[in-house]
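Taking it in order: structure first as structure tokens, then the write-up.
The values are calculated or read from the model by the stated rules, or taken from the named source; none is laboratory data. Not measured: the values here are computed from a predicted model. As a convention, Cβ positions derive from the backbone with ideal geometry for all residues, glycine included, and neighbour counts pool all protein chains shown.
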Amino acid sequence: MPNLPCWPGMDTLTPMKVFTTVALLLLSSCASQQEKKSLDEALFEYTHGLRWSRYDYVTAYLPPRVRAAFLQRAERAKGLRVTRCVVSTTRAVGTEFEVVVALDWFWLHQGRVRTTRIAQRWKHEEQGWKVARQRLLSGAALPLLVPVVALQNDAS
């Protein structure tokens, strides 16, 4: 196969150079898609864990220092039921992702459904995706969620 002409100042563009360039572009695209896909999976497991009281799913995505506090809150909130978790927004902020989650929940002894909207910052670490920060956007504070300060001060 003949060499293809390239732009001035460059040598010829060989089929091997074309193949290598395309392969590198595809691999970098796949890597970012895989990272995004694993964030989607992490968000699904996290919200699924909140919805069905599978707190082992939730704590897998929390920084180590915050896990015990979350489990203590979960123990005190035995009569709490989350009926809906919806991730409404996901946007990249540098190397992290800002996520907005809406949760509907109620206490069994009250029956009044409340809605909480939180913003979370997810960061990809060596062990995978973790909630780096979170803050209440609107509604009643969900008793399960660890306060923002605990997440912001966590070095891990």
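When you look at residue 100, is it closer than 15 Å to residue 46 by Cβ, modelled with pLDDT of 95 or more and surrounded by 11 or more Cβ atoms within 10 Å (Cβ to Cβ), yes or no? Answer is yes for this residue.
Yes/no per residue for (1) under 14 Å from residue 145 (Cβ atoms); (2) of a type in the set (Ser, Thr, Tyr); (3) modelled with pLDDT under 95; (4) touching a helix residue (DSSP H, G or I) at 6+ places or on another chain (Cβ under 6 Å):
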residue: 40; (1), (2), (3), (4): no, no, yes, no
residue: 43; (1), (2), (3), (4): no, no, no, no
residue: 66; (1), (2), (3), (4): yes, no, yes, yes
residue: 80; (1), (2), (3), (4): yes, no, no, no
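Within the stretch 82-118, restricting attention to residues that are more than 15 Å from residue 145 (Cβ to Cβ) and basic (Lys, Arg), the residue that is nearest to the chain's Cα centre (by Cα) is 91. Considering the stretch 53-69, and only residues there that are more than 17 Å from residue 121 (Cα to Cα) and part of a helix (DSSP H, G or I), the residue that is nearest to the chain's Cα centre (by Cα) turns out to be 57.
What about residue 109, is it at pLDDT below 95, surrounded by 12 or more Cβ atoms within 10 Å (Cβ to Cβ) and out of contact with any Pro (no Cβ under 9 Å at 6 or more places or on another chain)?
Working: at pLDDT below 95: yes; surrounded by 12 or more Cβ atoms within 10 Å (Cβ to Cβ): no; out of contact with any Pro (no Cβ under 9 Å at 6 or more places or on another chain): yes.
So residue 109 fails the test.
Just one of (1) in contact with a Cys (Cβ under 8 Å, 6 or more places away or on another chain); (2) crowded, with 17+ Cβ neighbours inside 10 Å fails for residue 48. It is (2). When each of 24, 50 is tested for being of a type outside the set (Gly, Ala, Ser) and either over 21 Å from residue 141 (Cβ atoms) or modelled with pLDDT under 55 (or both), the lone residue that passes is 24.
Please go through the stretch 70-97 and pick out each residue that is assigned to a helix (DSSP H, G or I), surrounded by 14 or more Cβ atoms within 10 Å (Cβ to Cβ) and not hydrophobic (A, V, I, L, M, F, W, C).
Just the residues of the stretch 70-97 that are assigned to a helix (DSSP H, G or I), to begin with: 70-76.
Narrowing further to those that are surrounded by 14 or more Cβ atoms within 10 Å (Cβ to Cβ): 70-71, 73-74.
Of everything in the stretch 70-97, just one residue is assigned to a helix (DSSP H, G or I), surrounded by 14 or more Cβ atoms within 10 Å (Cβ to Cβ) and not hydrophobic (A, V, I, L, M, F, W, C), namely 73.
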